[in-house]
1. What are the residues whose amide H is under 5 Å from the amide H of residue A:293, where those residues sit 5 or more places off or on another chain and H is modelled from the backbone?
2. Pop the C-beta distance of residue B:6 and residue B:229 into the FRET formula with R0 = 25 Å and round what comes out to the nearest 0.05.
3. Can I get the semi-axes of segment A:191-251's equivalent ellipsoid? Compute them from the C-alpha gyration tensor as square roots of 5 times the eigenvalues, in angstrom, largest first.
4. Tell me the net charge near residue A:286. Cut-off is 10 Å between Cβ atoms, residue A:286 excluded, with +1 for each Lys or Arg and -1 for each Asp or Glu.
5. Over its Cα atoms, what ratio of radius of gyration to 2.2 N^0.38 Å does segment A:3-387 give?
6. Rounded to the nearest 0.05, what FRET efficiency is calculated for residue B:108 and residue A:434 with R0 set to 22 Å and r the Cβ-Cβ distance?
7. Report the number of Lys pairs in chain A whose alpha-carbons are under 24 Å apart, with separation of 8 or more residues or on distinct chains.
8. What are the ³J(HN,Hα) values, in whole Hz, obtained from phi via the Karplus relation 6.51 cos²θ - 1.76 cosθ + 1.60 with θ = phi - 60°, for each residue of segment A:20-36 in sequence order, with x given for Gly and Pro?
Amino acid sequence: MSLTQTTTSWIEPFDTAADDLPGRELPWVVEMRAAARDRFRTLGWPTRRFEEWRYTDVSPIARAAFSPARGGAPARGEVETALARLPGGGKFHRLVFVDGVLVRPLTILHDLPAGVRVLSLVEALTEIPDVVQAHLGQYALYESNAVTALNTAFWRDGVVIHVPRGVALERPIEAIYLATSGAGASAAHVRNLVVCEESARVDLVEVWHAAHAGAYFNNVTTEVVAAPNASVRHVRVQEEGKSAHHIGNTRFHARRDARVSSFVITTGGATSRNDLEFTLAEPGASCELNGLYVLNGRQKADNYTLVDHASPQCKSSEFYKGVLDGVSEGSFTGRVVVRQDAQQTDAEQSNRNLLLSDDARVNTRPQLEIYADDVKCSHGATSGQLDRHALFYLRSRGIDHIRARQILTRAFASEIIASIPIGPVRDHLLPVVEDRLCPGHLLEEGS
Amino acid sequence: MLKITDLHARIDDTEILKGVDLEIGAGQVHAIMGPNGSGKSTLAQVIAGRERFEVTQGTVTYEGGNILELAPEERAIKGIFLGFQYPVEIPGVTNKYFLKSALNAQRTARGETELDAMEFLTLLRARAELMDMDPKFLDRSVNQGFSGGEKKKNEILQMAMLEPKLAILDETDSGLDIDALKVVAGGVNTLRSPDRAILVVTHYQRLLDYIVPDCVHVLCDGQIAKSGDKKLALELEEKGYGWIEKEMTGA
Ligand SMILES: Nc1ncnc2c1ncn2[C@@H]1O[C@H](COP(=O)(O)OP(=O)(O)OP(=O)(O)O)[C@@H](O)[C@H]1O
Ligand SMILES: [Mg+2]
């Protein structure tokens with residue numbers, strides 16, 4: 001399939017399905033969609049020749065023929081079964097999107113403080129159009145990113161959160177995205193927006209989960225704005241199906257003294273890309289980026305992160321870990337740009353990888369671009385195997401080989417999981433991570 | 001209980017054990033002494049099943065069966081315990097979790113029921129107290145940041161929890177202060193019984209004042225060069241190993 005074909009096949013079916021896209025009556029939405037659509041046509045799918053895309057091969061997505069996901073009627077029980085496995089357990093505020101579209105009856109909103117809005121993007125367009133218009137598309141720019149362009153042209157739904165000045169939301173908000181067998185081989189362009197006003201506080205947990213094992217594609221763009229002195233914690237739990245593809249573009253914009261934290265846990269998907277950008281736009285802003293990818297089989301996951309220290313006295317700390325089994329491939333790029341006037345920047349970064357098989361691969365690259373002179377920057381990257389001494393130590397106490405490997409791997413991964421400030425999410429993740437270890441592979445090696 | 005015959009083991013191309021013969025009966029305590037690098041830890045680890053040492057010749061039978069083909073965990077389940085000369089630090093795994101996994105793995109493999117959380121904690125607290133160990137060590141990562149002596153005590157705590165039939169203690173006394181030495185010796189002596197055996201590797205006759213051995217062996221250059229009763233340890237303390245090495249090369 002030629003490049004032009006891969007581009008058209010991602011425009012035409014979506015054009016055909018565009019008659020019920022939200023925002024058709026809002027000129028700014030229509031214009032933005034049209035411009036982004038043209039931009040995607042011009043850019044086409046990125047190739048690995050681009051520096052940023054060196055470790056993400058999008059060709060399995062580009063060449064696939066996915067129909068537009070439009071929500072719909074999932075098979076009986078599929079949603080319930082999936083929900084029962086997820087972390088919130090009724091304690092969080094919850095929005096559930098099935099095959100890209102909100103399912104209203106599944107929404108749980110406990111007593112929300114006055115002025116707080118938690119709703120779908122479709123609802124937000126009519127209920128808080130000004131907030132949406134002021135922010136949507138302001139941080140996730142589509143001019144230079146074809147995947148964002150595609151998302152901007154064809155988004156159908158997503159979550160919008162608006163927390164007014166001074167309000168602290170105690171319960172986390174959980175946005176669950178389920179892919180069900182009813183939608184089959186489909187592509188969803190999901191668009192989220194979090195606007196946290198001055199001195200406000202909010203936690204958002206995105207959970208990506210599959211109720212079937214077939215191929216599909218989720219293309220997500222999430223924009224997060226933290227106004228002065230606001231605090232936003234954003235967790236992404238990505239446990240898509242084995243044959244699924246997932247590209248998540250998350251853009252954080254932090255203003256004076258704002259604090260943003262991001263936790264990205266990837267266990268699912270055949271092809272995954274977590275593309276995160278943090279703009280520390282005003283003095284005193286800080287960000288924390290933690291990530292964990294646990295891969296096996298033929299999975300590929302690329303974590304591409306950029307922290308833009310655009311202002312003085314900002315702080316960033318980044319800690320990503322990978323556990324790679326089978327013939328999987330995990331990648332990490334930690335780009336940090338310290339602009340010329342961003343004096344007294346404090347930036348630290350670390351990436352550590354555990355290779356559980358000889359055939360697993362890891363690519364890790366720190367990219368520091370420092371144009372200021374008064375900065376404190378550190379970075380480090382390692383990759384290695386399980387500690388043989390530790391393995392023998394555990395086995396000498398009667399713990400079998402497989403279990404010993406699980407315990408050590410879990411210990412390695414748990415450092416990132418432990419950093420997630422939301423208990424039920426931690427409790428959910430530990431067993432998920434353990435399950436990802438290939439028992440078959442271990443048996444072969446153990447014998 | 002344990003019978004080692006003409007045991008040869010090597011690592012890569014270096015032969016370290018060059019024909020070890022040793023027999024320990026149930027109820028006995030044996031001590032192995034010997035110069036640095038003579039192969040004491042290698043012997044201990046080969047008995048416990050460390051795979052990086054390749055056994056090229058000889059047999060190790062335990063309770064009448066050959067154990068050389070068994071995985072380390074299978075040996076542990078049969079009741080063999082190794083107290084490490086250099087206990088390993090395991091960040092991210094608490095002592096409690098580690099011990100519970102080990103104990104329940106052994107119980108399950110033997111067809112016994114697992115201990116539930118309460119039963120386990122009660123037992124663990126009692127044993128830790130016996131070891132004069134602050135309970136806060138139980139919630140810390142295994143050996144991580146423990147002092148040398150604390151690590152050794154932690155080995156004995158594990159032994160006390162697992163109640164092995166054959167305990168091999170590799171320099172468990174090194175790095176212990178006098179009080180800790182007494183506690184550790186007490187722990188070992190508690191384990192002594194007619195159906196158990198203990199093999200201690202040590203450089204110091206001092207330990208043997210507390211754990212009185214039935215037999216003392218001297219390992220030199222991968223072979224048992226001399227065996228005797230507890231008086232041999234005193235003699236070594238006084239004269240060093242030179243005379244034994246001479247006897248060996250002379251013979
Ligand atoms: N991994 C290894 N590679 C090469 N040589 C090794 C290895 N492990 C042990 N050796 C060698 O084997 C010999 C015996 O070592 P071992 O640890 O068994 O001695 P030891 O009697 O316990 O000494 P110590 O009293 O110092 O503890 C030493 O010469 C040591 O250097
Ligand atoms: Mg030694």
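None of the figures in this text is laboratory data; all of them are computed from the coordinates on show. Here the structure is a predicted model, which is why all the values come from computation and not from measurement. Please note: Cβ atoms are built from the backbone with ideal geometry, for glycine as well, and neighbour counts cover all protein chains shown.
1. A:266, A:321, A:322, A:323
2. Values: r = 24 Å, r/R0 = 0.96.
Once the sixth-power term is evaluated, E becomes 0.55.
3. 29, 11, 6
4. Residues close to residue A:286 contribute a combined charge of -1.
5. Expressed relative to 2.2 N^0.38 Å, the Cα Rg reads 0.94.
6. Once the sixth-power term is evaluated, E becomes 0.75.
7. On the way: A:242/A:300; A:242/A:321; A:300/A:321; A:315/A:376; A:321/A:376.
Taking the Cα cut-off of 24 Å, the pair count is 5.
8. Result, rounded to whole Hz: 10, 5, x, x, 5, 8, 9, x, 5, 5, 4, 5, 4, 4, 5, 5, 5.
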